[in-house]
Amino acid sequence: MTVATTGSTDLRPATAATANPLVAPTAAGHHRILTGDRPTGPLHLGHYFGTLRNRVELQAQGLELMIVIPDYQVITDRDRADRPAEHAENLVLDYLAAGVDPERATIFTHSSVPALNQLMLPFLSLVSVAELSRNPTVKDEIAHSRQSAVSGLMFTYPVHQAADILFCKADLVPVGQDQLPHLEVTRTIARRFNDRYAPLFPQPQALLSRAPLLLGTDAGKMSKSRGNAIALGADEDETARLLRGAVTDPDRHIAYDPENRPGVSNLLLLTALCQDRDPHAVAEEIGSGGAALLKRTATEAVNEYFRPLRARRAELAADRTVLREVLHAGNARANAVADRTLDEVRTAMGTC
Ligand code: TRP
């Protein structure tokens, strides 16, 4: 197996119905991309290799990038958002450090764009309760929720997400596999609105990363809340400490076998992603060096690859007014776009 790591070949358009690794990458040019990350903590290496690096690559190819920081979505599975503004600024920090160009990208928060939120009302009328109850990702999030009861916001957030995507008429959405059911809701809403009122909206496509999923240091899904993540901004010592504690197995012969040896294979994959190599080749090089050598190799690879990003991050972190200004400008741009779309929606519906 090879790991595609850079360039446009890293991406393929897909929908829930047609997820197909053989679809050719979409040509650059006239596309608007929308994606986002909940403001609940710093971004980690899983985000970086799963989507962040792709966004930077797509922007470099000339595609327009919109990034929503969905602060309202944070209160779908918990009672209160913890320091949402601070987390939002830190996301901006991670984006800029990773190479997102804030002059050309629009980075904004849900709560700052009233017209986007208003789209949720007509959109809610276009989906049935039965359709919403079938959404597997919402079911999974309900199962992992920190709340005893399911709120209306949790139940309907894929409709809110449709508003995120459609307010700016984005046609491409780089997301992980778990978000495909939401994309399907967005496509359904766009299609029904267009049929019922006027053809205003594109039917957006998902862009799935080709890089295999990076796991956390416990070989489970890498996640801020599970304590198994390595943050983009972690320093070199912290990276070494976290990787030393990673789950492996006693077999001294290192081989890439994600099914049977998830911990070892994940460290090989991480090294391969950082060095733009095949994980099998990394395994061969380590041979019978055992888990200790594997962990040292992975640590060096991560620290080497992320050194420039982390240096940029530290520089940017020194002046947080820049981060606030980027958000301020992004919110203003997003509002202008949302106001225009809401006007079109109201005209199409005959409400003004
Ligand atoms: N639902 C995404 C998540 O849970 C975040 C998100 C909100 C998003 N709006 C979006 C992603 C629009 C892509 C497009 O992480």
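The values are calculated or read from the model by the stated rules, or taken from the named source; none is laboratory data. All values derive from a computational prediction rather than experimental measurement. Methodologically, a virtual Cβ is constructed for each residue, glycine included, from the backbone with ideal geometry; neighbour enumeration extends over all protein chains shown. The area values use the complete protein model at the heavy-atom level, side chains included, leaving out ligands, DNA and RNA. Shrake-Rupley method; radii C 1.70, N 1.55, O 1.52, S 1.80 Å.
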At pLDDT 95 or above, under 30 Å from ARG241 (Cβ atoms), out of contact with any helix residue (DSSP H, G or I) (no Cβ under 8 Å at 6 or more places or on another chain) and open to solvent by 70 Å² or more (accessible area, probe 1.4 Å), is that true of GLU300? yes
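To keep it simple, each residue is scored yes or no on (1) in contact with a Gly (Cβ under 9 Å, 6 or more places away or on another chain); (2) in contact (Cβ under 8 Å) with a residue 60 or more places away in the chain; (3) surrounded by 18 or more Cβ atoms within 10 Å (Cβ to Cβ).
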residue: ALA246; (1), (2), (3): yes, no, yes
residue: ASP251; (1), (2), (3): yes, no, no
residue: ASP257; (1), (2), (3): no, no, no
residue: LEU269; (1), (2), (3): no, yes, yes
residue: ALA272; (1), (2), (3): no, yes, yes
residue: PRO279; (1), (2), (3): no, yes, yes
residue: GLU285; (1), (2), (3): no, no, no
The condition from (1) assigned to a helix (DSSP H, G or I); (2) farther than 30 Å from GLN161 by Cβ; (3) out of contact with any Phe, Trp or Tyr (no Cβ under 7 Å at 6 or more places or on another chain) that ILE254 misses is numbered (1)
Could you check, for the stretch 93-109, whether at least one of its residues is in a helix (DSSP H, G or I), more than 14 Å from the ligand (Cβ to nearest atom) and surrounded by fewer than 19 Cβ atoms within 10 Å (Cβ to Cβ)? no
Restricting to the stretch 148-184, name every residue that is more than 10 Å from the ligand (Cβ to nearest atom), open to solvent by 10 Å² or more (accessible area, probe 1.4 Å) and assigned to a loop (DSSP other than H, G, I, E, B). SER148, ALA149, VAL150, SER151, LYS169, ASP171
Of all residues in the stretch 52-84, how many are β-branched (Val, Ile, Thr) and touching a Gly at 6+ places or on another chain (Cβ under 7 Å)? 4
By residue number, the members of the stretch 219-246 that are under 17 Å from LEU294 (Cα atoms) and among the polar types (S, T, N, Q) are THR239
Of all residues being charged (D, E, K, R) and away from the ligand (no atom under 15 Å from the Cβ) in the stretch 40-79, which is surrounded by the most Cβ atoms within 10 Å (Cβ to Cβ)? Just the residue, please. ARG53
